[in-house]
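A.B. asks: Sending over a structure as structure tokens; questions will come in a sec.
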Number of protein chains: 2
Amino acid sequence: MMRVVHKYGGTSMGSLERIRATAKIIKKDLLLGRKVAVVVSAMSGETNRLLGLAKEIDASPPCRELDALVSTGEQVSAALLAIELHHLGIKSYSYNGYQAGFRTDSSHARARIIDVQSDHLIAHIEVGEVPVVTGFQGSDKAGNITTLGRGGSDTSAVALAVAIKADVCNIYTDVDGIYTTDPRIVAQASKIDQISYEEMLEFASLGAKVLQTRSVEMAMRFNMPIHLRSSFEDVQGTMVTGEDTAMERAEITGVAYHRDEAKVTIQGIPDQPGIASRVLGPVADADINVDVIVQNVSEQDYTDITFTVPRDDYNATMKLLNTLCTELKAKKVKGDDTVAKVSIIGVGMRSHAGVARKMFDVLSKENINIQMITTSEIKVTVVVDEKYVELAVRALHTAFDLDAVS
Amino acid sequence: MMRVVHKYGGTSMGSLERIRATAKIIKKDLLLGRKVAVVVSAMSGETNRLLGLAKEIDASPPCRELDALVSTGEQVSAALLAIELHHLGIKSYSYNGYQAGFRTDSSHARARIIDVQSDHLIAHIEVGEVPVVTGFQGSDKAGNITTLGRGGSDTSAVALAVAIKADVCNIYTDVDGIYTTDPRIVAQASKIDQISYEEMLEFASLGAKVLQTRSVEMAMRFNMPIHLRSSFEDVQGTMVTGEDTAMERAEITGVAYHRDEAKVTIQGIPDQPGIASRVLGPVADADINVDVIVQNVSEQDYTDITFTVPRDDYNATMKLLNTLCTELKAKKVKGDDTVAKVSIIGVGMRSHAGVARKMFDVLSKENINIQMITTSEIKVTVVVDEKYVELAVRALHTAFDLDAVS
């Protein structure tokens, strides 16, 4: 009999009415004979409410206490869902991270799962009872409560699915799957029925916030299929798997974009070994997330380094680079905080030559200037002026034959 | 160095402002060189809010889930207080019931503490750090979250004080101690500086709701002094101890009363052994709390049984007795739901003869008819018409020399 983990986010747990709807989805699966374990997030808004209380007391409260505080959010929603299931005649028990056997390291607020000891839940699942486990949390060796960081519930769900040897991990959310691109920009965007872990990782890292990157990495490592689907309507969503069952793949699977990027350049640095790390080290130390990096030799013995950072970190980065500029005897620092990334993604491009070139051609025909390029085996990303985002996405979506037949 | 447990109720944790005031009280004690561990209740209203959510889903939700749900209330307030203490420069760590080592039986919603394994907290206390422990909760052998029932935080505090070998358990509340009687009835009522466990138990059972009965029983068993005091002003409260340090005791310590009582009588029951249990058994089975019981022989071979019940249970009790009346071939059932209990309490009465008689005299002089009488070694209780409560309390308070010199 099929064993499945259901994961419900804050929206699905946002009100008693939503919890009722969630319980009905679970009941439906049980009636189909499936064995179900559930992972839940806190009711939407609750984590922020609790953090707000803490921040009102102290701008930087101790992480251990923040974890103890916010972890209550999931405990409340797990208990409420268990009560609702009980109300529908289903035996159900809530478990917090500790009780469910989620052992983590001690990095409060961003703990990593070491081990999930959930064998005691299997006996319940097998007789049709439903354990409801709090997502996002665990406890360390000393018994301190830890949390996995924002969005950690997806990771909890996959970890539980692996631990109880589920056949699939259903992630219920407010969208019904991954689309070939943002339907707000391209009306002909269509739902992707199946996507590989690698592609999903690329989509996720580009701000398709439907799945936490860590959860996909974990699913890939343990080959756990994820079914990303809607909690509002019972339709097939997007299956994220390792198997590529399609007979033939399209050149690319989708077009993604990310606004709110900024680009900075430090020019004319006297070139010497290790210069990249002398520039990027201090940036990383300041907890600024560097993304696309390009290093060129500008003139003899001088080099330029350009990289993108989140727009919110633009000012801090510029300040840092100006200091570095003096230290490293570089010539100049330049910046632009109105850029965006546009990417084409697809495992298909491995076997299709010239995908990158086709992308550049398409953009060139639209007179979109490409400022930076970075490629991976299954992705090509360009940095362009933000004002071209919609145009670029639409042109690429059409050129790569992704427009749905309407 | 003095080791002390502080317990703060829902009012003391009711807002961030109150939590700030609470943290200041703790800091003051630390500055005096005391070693402090803290037990807290949920923010006032929170437990009811959570129960409300559960009841909205199901009128009788599973107890295990209710415990998981409401126990989050204390976890939130404990974490917030730890953050506030940290903000004042004090190292502090919150512990939920499980983490603090509170092992209970599995009776959800009314669990009994089996054992408190809090040795790991002592090291923190000894170096001036402050563990903040959630009151009202623990976990059973299987790791399920349990709660001790309403007011259980007092019991948690005493249990922790015993476990860490504290010198005293300070219970901070919104009153500054136990009074000789209700100051709303007798303006000359005065605060009792010291009271014995036995007296406190009698006061508590009469509705002086400042301390949970179980906590006093536990303090008595382990001879743990309780200092009942105000969280609003730093004044001496009432010490509840086993030692009677006063050279001479007054005849009585205080006058207590309890309204909202009802009296029922089943008359003319054919007398036979075991008849009392045949009457009271079904009442107990219906979870109705029987208090004062009097049995008389009315005529040859017939007996009357009269007892009091909480007024809320009056109708249910009458219905039950009418059925029993037929079954037992008794003659009649009578009831009165406007009675009240008035008691005088004091260990002093052990050595003062005639205290009961003096009480009856006082009431008789005021033309108050005594309907029932029950006595213990340190208490005499009479049941009277509710309309006489104030008069009786005032007359007794004066007659037994309790009026404060103004």
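Each value in this text was obtained by applying a stated rule to the coordinates, not by laboratory testing. Note that the coordinates shown come from a computational prediction; the quantities given were computed from them, not determined experimentally. Heads up, the Cβs are rebuilt from the backbone with ideal geometry, glycines too, and the neighbour counts pull from every protein chain shown.
A.B. asks: So, in nm, how far is label A:Arg259 from label A:Arg112 when the simple model puts each one 7 Å beyond its Cα toward the Cβ?
C.D. replies: For the pair A:Arg259/A:Arg112, the computed spacing is 3.5 nm.
A.B. asks: Taking every pair of alpha-carbon atoms in the range A:224-295, give the share separated by more than 20 Å as a whole percent.
C.D. replies: 62 percent
A.B. asks: If you don't mind, another one. So what is the 222 nm mean residue ellipticity for chain A from helices alone, if each DSSP H run of at least 4 adds -39500 (n - 2.57) and you divide by all residues, rounding to the nearest 500 deg cm²/dmol?
C.D. replies: Computed ellipticity for chain A at 222 nm equals -11000 deg cm²/dmol.
A.B. asks: Here's something else I'd like to know. Computed over the Cα atoms of the range B:151-221, what is the ratio Rg over Rh, Rh following Kirkwood?
C.D. replies: Here the Rg-to-Rh quotient is 0.98.
A.B. asks: Over the range A:332-376, how many percent of alpha carbon pairs lie in each 10 Å bin up to the one with the longest distance?
C.D. replies: Taking all Cα pairs of the range A:332-376, the binned fractions are 19, 49, 24, 7, 0 percent.
A.B. asks: Looking down the axis that turns B into A, which residue of B has the closest beta carbon, and how many Å out?
C.D. replies: Measuring from each Cβ to the axis, the minimum is at B:Thr72, 2.
A.B. asks: Compute the whole-percent fraction of alpha carbon pairs in the range B:3-174 spaced more than 23 Å apart.
C.D. replies: For the range B:3-174, the fraction of Cα-Cα distances above 23 Å is 34 percent.
A.B. asks: For labels at A:Val235 and B:Ala123 in the simple 7 Å Cα→Cβ model, what's the distance in nm?
C.D. replies: For the pair A:Val235/B:Ala123, the computed spacing is 5.8 nm.
A.B. asks: Still on this structure, please answer the following. Say the cut-off is 28 Å between C-alpha atoms; which of A:Lys7/A:Lys387; A:Lys358/A:Lys387; A:Lys319/A:Lys365; B:Lys141/B:Lys165 go over it?
C.D. replies: Pairs exceeding 28 Å: A:Lys7/A:Lys387; A:Lys319/A:Lys365.
A.B. asks: Let me ask you something else. Rounded to the nearest 20 debye, what is the charge dipole size of the protein assembly as shown about its Cα centre when +1 sits on each Lys and Arg Cβ and -1 on each Asp and Glu Cβ?
C.D. replies: 120 debye
A.B. asks: Tally Lys and Arg at +1 and Asp and Glu at -1 over the other residues with C-beta under 10 Å from the C-beta of A:Gly177: what net charge comes out?
C.D. replies: Neighbour charge sum, excluding A:Gly177 itself: 0.
A.B. asks: Starting from a Cα-only point model with no solvent, please compute log10 I(q)/I(0) by Debye for the range A:150-276 at q = 0.09, 0.10, 0.13, 0.18 1/Å.
C.D. replies: -0.33, -0.39, -0.59, -0.96
A.B. asks: How big is the dipole moment of chain A about its Cα centre under a simple scheme where the beta carbon of each Lys and Arg is +1, that of each Asp and Glu is -1, and everything else is neutral? Debye, nearest 20, please.
C.D. replies: 520 debye
A.B. asks: About the Cα centre, and with charges only on the beta carbon of Lys, Arg (+1) and Asp, Glu (-1), how big is the dipole of the range A:3-174? Nearest 20 debye, please.
C.D. replies: Using only the charged Cβ atoms, the result is roughly 380 debye.
A.B. asks: Under the convention of a label 7 Å out along Cα→Cβ, give the distances in nm from B:Ala21 to the same position in every other copy, shortest first.
C.D. replies: B:Ala21 label point versus its equivalents elsewhere: 4.3 nm.
A.B. asks: Suppose R0 equals 22 Å; then what is the FRET efficiency for A:Thr374 and A:Asn223 from their Cβ-Cβ distance, rounded to the nearest 0.05?
C.D. replies: 0.20
A.B. asks: Sorted from shortest, what are the nm distances separating the label point of B:Val290 from equivalent points in the other copies, each placed 7 Å from Cα along Cα to C-beta?
C.D. replies: With the label placed 7 Å along Cα→Cβ, B:Val290 yields 8.3 nm.
A.B. asks: By count of other Cβ within 10 Å, fewest leading, how are B:Met200, A:Met220 ordered?
C.D. replies: Fewest to most other Cβ atoms nearby, the residues stand as A:Met220, B:Met200.
A.B. asks: Computed FRET efficiency, Cβ-Cβ of B:Glu390 and B:Asp361, R0 22 Å: what is it to the nearest 0.05?
C.D. replies: 0.70
A.B. asks: When the convex hull of the Cα atoms of chain A is projected onto a plane and the area is averaged over all directions, what value comes out in nm²?
C.D. replies: Computing the convex hull of the Cα atoms and averaging its projections yields 22.6 nm².
A.B. asks: A further question on this structure: Strictly greater than 24 Å: what percent of every Cα pair in the range A:254-399 meets that?
C.D. replies: So the pairs more than 24 Å apart make up 37 percent of the total in the range A:254-399.
A.B. asks: Could you give me the radius of gyration and the Dmax of the protein assembly as shown, taking only the C-alpha atoms into account and expressing both in angstrom?
C.D. replies: When restricted to Cα atoms, the protein assembly as shown yields Rg and Dmax of 35.1, 125 Å.
A.B. asks: Just the number, please: Stokes-Einstein D of the range B:105-167 in µm²/s, Kirkwood Rh from C-alpha pairs, 4 °C, 1.567 mPa s.
C.D. replies: D = 106 µm²/s.
A.B. asks: Going by Cα centres, the range A:350-389 and the range A:16-88 are how many Å apart?
C.D. replies: So the separation of the two Cα centres works out to 42 Å.
A.B. asks: Next up: Work out the FRET efficiency for B:Asp58 and B:Ala284 from their Cβ-Cβ distance, taking R0 = 25 Å, and round it to the nearest 0.05.
C.D. replies: Taking R0 as 25 Å, the efficiency between B:Asp58 and B:Ala284 is 0.35.
A.B. asks: Over the Cα atoms of the range A:9-95, each weighted equally, I'd like the Debye log10 I(q)/I(0) at q = 0.16, 0.18, 0.22, 0.23 Å⁻¹, rounded to two decimals.
C.D. replies: Results for the range A:9-95 at q = 0.16, 0.18, 0.22, 0.23 Å⁻¹ read -0.65, -0.76, -0.98, -1.04.
A.B. asks: Shifting gears a bit: In nm, one decimal, shortest first: how far is the label point of B:Leu32 (7 Å from Cα along Cα to beta carbon) from the matching points in the other copies?
C.D. replies: 6.5
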